[in-house]
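Just below is one structure, and these are the notes that go with it.
Coordinate-derived values only; no laboratory data. Predicted, not measured: the structure shown is a model, and the values here were computed from it. Quick reminder, even Gly has a Cβ in these numbers, built from the backbone with ideal geometry, and neighbours come from all protein chains shown.
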Amino acid sequence: MNKRTVSKHVKLVEVYRAVGEAEAQIIKGLLESNGIPCLLQSNAAPSVHVFTVDGMGEVKVMVRESTAEEAKRLIVGEGRV
């Protein structure tokens, strides 16, 4: 999912907060391989913050509200894989 494919009427919710870009990409791969499109959102460029200090470098994993519960189950290992 990218910003161009998200309608103004689709509500995105945070399902995971990663400590960095690498962890966020792993979660994104898990979700997308199970049919759940997602968007990564960060306040900093990944190359600037390779570690997290006071939230800097954190990456939010966002999914459609309608798929949030399934996404959370997958992340904790309770869903289909």
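The residues in region 14-36 that are more than 13 Å from Ile75 (Cβ to Cβ) and not acidic (Asp, Glu) can be counted, and the count is 5. Applying the selection to region 13-25, what residues are closer than 11 Å to Leu40 by Cβ and assigned to a helix (DSSP H, G or I)? Matches in region 13-25: Glu21, Glu23, Ala24, Gln25.
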